[in-house]
Amino acid sequence: MNFIQRYINPNVIGVGDNVKYRNNQYQVLINYIKGENDAKNYTPKSNRTILIDNNGKRITCHDYKQLEILS
């Protein structure tokens, strides 16, 4: 039996986490959390996670519940 581990809230997503999204493997590059300021004082209006693959291609995930955690 396969057990799929997913994030329960966007605050626990860490930069550098290995994840699976839409059957492809990525690393978390940036995780924006709604209402929280980042280092450059940017405040996002929605949660989103920017992912990067081994070839440097970036993709944005707007629903953290679709991310599968890879060990």
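Within the stretch 35-71, can you find the residues that are under 9 Å from the mean Cα position of the chain (by Cα) and of a type in the set (Ser, Thr, Tyr)?
Thr49, Thr60, Tyr64
So, restricting to strands (runs of 3 or more DSSP E) that lie completely within the chain, which ones have at least 1 residues that are touching a residue at least 40 places away in the same chain (Cβ under 8 Å) and either of a type in the set (Phe, Trp, Tyr) or exposed (fewer than 14 other Cβ atoms within 10 Å of the Cβ) (or both)?
In the chain, 18-21, 24-32 are the strands (runs of 3 or more DSSP E) which contain 1 or more residues that are touching a residue at least 40 places away in the same chain (Cβ under 8 Å) and either of a type in the set (Phe, Trp, Tyr) or exposed (fewer than 14 other Cβ atoms within 10 Å of the Cβ) (or both).
Values in this text are rule-based calculations from the coordinates and carry no lab data. All values reported here derive from a predicted model rather than from experimental measurement. Virtual Cβ from ideal backbone geometry, glycine too; neighbours counted across all protein chains shown.
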